[in-house]
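The values are calculated or read from the model by the stated rules, or taken from the named source; none is laboratory data. Computed from a prediction, not measured in an experiment: that's the story for all the values here. Cβ: placed from backbone, ideal geometry, glycine included. Neighbour counts: every protein chain shown. What goes into the accessible areas is simple: the full protein's heavy atoms, side chains included, and nothing from ligands, DNA or RNA. Shrake-Rupley method; radii C 1.70, N 1.55, O 1.52, S 1.80 Å.
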Amino acid sequence: MRWNLLLLFFVFSISCFSQDPYLFIGTYTSGKSKGIYVYRFNESTGTGTEVSTIGAKNPSYLSLSPDGKHLYATDEDESGGAVGAYAFEPATGRLALLNSQSSRGSCPCYVSEDKSGKWVFVANYCSGTLAALAVNTDGSLAPAIQVITQFGKGPDTARQESAHVHSTIFSPDQKFLLAADLGTDEEHVYAFSPGQNIPLTEPRDSVAKLQPGTGPRHIAFHPDRPDVYILGELSGTVDAFHFDSNTGKLNHFQRIPSTPEHFKGDPGSADIHIRADGKFLYASNRGTSNTLAVFAIEKDGKLSMRQTISVNGKHPRNFVIDPSGRFLLVANRDSDNIVIFSIDPVSGLLKATGKEISIPNPVCLKFLAGG
């Protein structure tokens, strides 16, 4: 009897401490989507199971707090955007709305929180602004305390008629916040001071100019090297820069296409991530491509393309690598599916598992490990 009790305790302990991670799914709600979906992702089988859903308007980008207890979501509206703050209960897998604040701009498309949990930053695409919102002690948001407006335009008269801030991403040491401006072909680097009332300042010579018509969208920092990779939505390219962690200055050293040389269509590149071991970089291409690109990262930081693979859907937006590093999940907005790929641990190459999650208009995926 005693041994049976010990065995039961052991099994219970394993189940408590090795639970499958939570997967949060942001969507566009102009169709059948309800808002934000919460799933459990089985890292043994590569399958997802729905846990809960909460209504929200166009939660097109999500950010989890460092402790996993709160989630922040954009309300992407052209007339006046907002950011919603939610409490998350890991025991039940449910979200509860705390409050919502104006993003102080239109079409908010990216949100991020610093590691101290004191600040949330949002990129407003249509208005070309970024805003800083302080986080209250309960995880709710205070009104925006700093709003920065960017100015300029690029050669693409349809897409670059004005500034379009597309992301707000922290450097690994949290000393800087980088804001990609699709409209002006610039990457702005702001010094970040979490203890100040006005947290952002733009150091001298900290703006990196990309080739005209690049349309910078998202970036990825290498986990071990002082390198940053910028994905161009309009050009379908990845630009590699050395990053000076003291000054925030970016020094360019490579530009490489995210589609094969023979591709002549619209790349519409969207998202970019690096595997945790720093050996491989992945990028999604929408437009007429609908592919994922796989790059090996060489010892000098340069990229070499190893694979392009169909996303088995249309309009791949955000994608994510699961905490185990075994799977890559891509959100295909226009085909209402999240396609699950396996990642070869040695080559980094992707292979479709044949497994999918059916969700209306998925656009953003975030994992919470050990939920």
* Structure fact -> If we take the stretch 300-350, then strands (runs of 3 or more DSSP E) inside it with 3 or more residues that are out of contact with any Lys or Arg (no Cβ under 7 Å at 6 or more places or on another chain) are 303-310, 327-332, 337-343
* Asked: Take the residues of the stretch 98-117 that are more than 18 Å from the chain's Cα centre (by Cα) and either modelled with pLDDT under 95 or farther than 18 Å from A163 by Cβ (or both): which is surrounded by the most Cβ atoms within 10 Å (Cβ to Cβ)?
  -> Q101
* Structure fact -> For E43, the lone unmet condition from (1) touching a residue at least 60 places away in the same chain (Cβ under 8 Å); (2) closer than 25 Å to H166 by Cα is (2)
* To do: Please work out which residue is least open to solvent (accessible area, probe 1.4 Å), limiting yourself to the stretch 266-290 and to residues that are of a type in the set (A, V, I, L, M) and closer than 20 Å to S324 by Cβ.
  => L281
* Asked: Which of the residues belonging to the stretch 337-352 are open to solvent by 50 Å² or more (accessible area, probe 1.4 Å) and either of a type in the set (A, V, I, L, M) or in contact (Cβ under 8 Å) with a residue 60 or more places away in the chain (or both)?
  -> V346, L349
* Structure fact -> The number of residues in the stretch 67-97 that are open to solvent by 80 Å² or more (accessible area, probe 1.4 Å) and either farther than 13 Å from I36 by Cβ or basic (K, R) (or both) is 7
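Can you tell me how many residues in the stretch 181-199 are over 20 Å from the mean Cα position of the chain (by Cα) and open to solvent by less than 10 Å² (accessible area, probe 1.4 Å)?
Matching residues across the stretch 181-199 total 2.
Just to verify a result, which residue in the stretch 291-331, among those that are touching a helix residue (DSSP H, G or I) at 6+ places or on another chain (Cβ under 9 Å) and surrounded by 21 or more Cβ atoms within 10 Å (Cβ to Cβ), is farthest from F341 (Cα to Cα)?
Quick first cut of the stretch 291-331, residues touching a helix residue (DSSP H, G or I) at 6+ places or on another chain (Cβ under 9 Å) only: 311-317.
Applying the additional criterion that residues be surrounded by 21 or more Cβ atoms within 10 Å (Cβ to Cβ) yields 311, 316-317.
Details: V311: 9, P316: 13, R317: 15 Å.
The qualifying residue farthest from F341 (Cα to Cα) is R317.
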* Asked: Checking M305 against (1) modelled with pLDDT of 95 or more; (2) within 27 Å of Q19 (Cα to Cα), which test does it fail?
  -> (2)
* Being surrounded by fewer than 16 Cβ atoms within 10 Å (Cβ to Cβ) and either under 17 Å from the mean Cα position of the chain (by Cα) or among the basic types (K, R) (or both), is that true of even one residue in the stretch 257-265? -> yes
* Asked: Are any of the residues in the stretch 224-247 within 21 Å of Y61 (Cβ to Cβ) and among the charged types (D, E, K, R)?
  -> yes
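Here are T291, T308, T237: which of them is under 30 Å from T201 (Cα atoms) and of a type in the set (S, T, N, Q)?
T237
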* To do: Give me the pairs, please: first residue somewhere in the stretch 295-314 and of a type in the set (S, T, Y), second residue anywhere and open to solvent by 30 Å² or more (accessible area, probe 1.4 Å), beta-carbon distance under 6 Å, and either six or more positions apart or on two chains.
  => T308/P260
* Tell me, please, whether a residue that is among the hydrophobic types (A, V, I, L, M, F, W, C), closer than 26 Å to K302 by Cβ and open to solvent by 50 Å² or more (accessible area, probe 1.4 Å) can be found in the stretch 205-222. => yes
* **Count - residues of the stretch 129-180 that are among the hydroxyl-bearing types (S, T, Y) and either farther than 29 Å from L234 by Cα or more than 19 Å from the chain's Cα centre (by Cα) (or both)** => 5
